[in-house]
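Everything below concerns the one structure shown next.
Read the figures in this text as sums done on the coordinates, not as results from a lab. As the structure is a prediction and not an experimental result, all values here were calculated from the model. Cβ placement follows ideal geometry from the backbone for every residue including glycine, while neighbour counts extend to all protein chains displayed.
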Amino acid sequence: MNGTTSQLLSLITHGNYFLTTGQISPGYYPNNVTFKFCNKVDFLHLFTQADGTTAEGVIAADPDDWFNLLRQEGCRQLKAYYHPSERNANGTPDHQLAGFVGGGGTWLIESIYDSYSDFWAARWEVNKQNAPEQKIWSVSYGRTVSQAETINFLPDPVQVRKGLKDILTDIHSFALGHQLINWADIFQRALNILDGSDPANNWFGSQINENGYEQSALQLMYAAMSAHVFGGMGSWNDLGFETPEDNEAYEKLSFYLYDYINRALISGINSYKA
């Protein structure tokens, strides 16, 4: 699972728990696994200066401060927003770029108020290359859009579940047919999570605050996380096949798997009920 997306989803679930209950999970920051390689996670406000240039200022020094700020401002709930990227000049699809920071489409946090929404975008930068325990990343979430129309996007969970199951079944069969046993096992595990035979919270439960989510939503999220095989060297993206037909099938299956993973994450994470 992409670390940038994992952290964004974690912030949303733990933030919603705080907005509902006023409680922050003990030690959430910096101990949650999604902050493992981060030496800083802060939150910025972007503003226009007198000379017309854009500047930024820190308004919350860490996630705990941010949750408190949101509550003071009257935020009712946090949601995820995803938009696929436009194809670049080389025509590279999102799933082939998903292993790189900033690649694979645009993920935002939507903070919803009574009559509008703000949107927060993440910026990941390596600022301490030789930091102890590999804490090399500085992460800032900037409020890039303020007081915009609320989106609160929620794909139909029934339709998404069916689509994810279908593509997982097809890509599992493809992997088995090409003796890619380790990959087939990953896709089978995701199918098991989706149908409830494997709860998966031992894998992903520490990232996500499960309060406020029905079991079906958790299955959708955890199945999608488990099936996220897209990265750089050594990942599913790094495969190749002998025939054009196999390569075409591989690219098509990969495209639709990535698409339904993102749909499932959005549908699951945005189904939160206070």
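I'd like the distance between the alpha-carbon centres of region 136-191 and region 216-274, rounded to an integer number of Å.
The distance from the Cα centre of region 136-191 to that of region 216-274 comes to 4 Å.
With +1 assigned to the C-beta of every Lys and Arg and -1 to the C-beta of every Asp and Glu, and no other charges, what is the dipole magnitude of region 3-110 about the Cα centre in debye, to the nearest 20?
320 debye
For SER235 paired with VAL158, estimate the spin-label separation in nm (one decimal), with each label point 7 Å from Cα along the Cα-to-Cβ line.
The answer from the label model is 3.4 nm.
Can you tell me the dipole magnitude for the chain around its Cα centre, using point charges on the Cβ only (Lys, Arg +1; Asp, Glu -1), in Debye to the nearest 20?
Here the chain has a charge dipole of around 520 debye.
Given the options GLY15, GLY196, GLY57, state which has the largest fluctuation in a GNM of the chain using a 10 Å cut-off (strictly under) for Cα springs.
With Cα springs under 10 Å in the chain, the top fluctuation among GLY15, GLY196, GLY57 is at GLY57.
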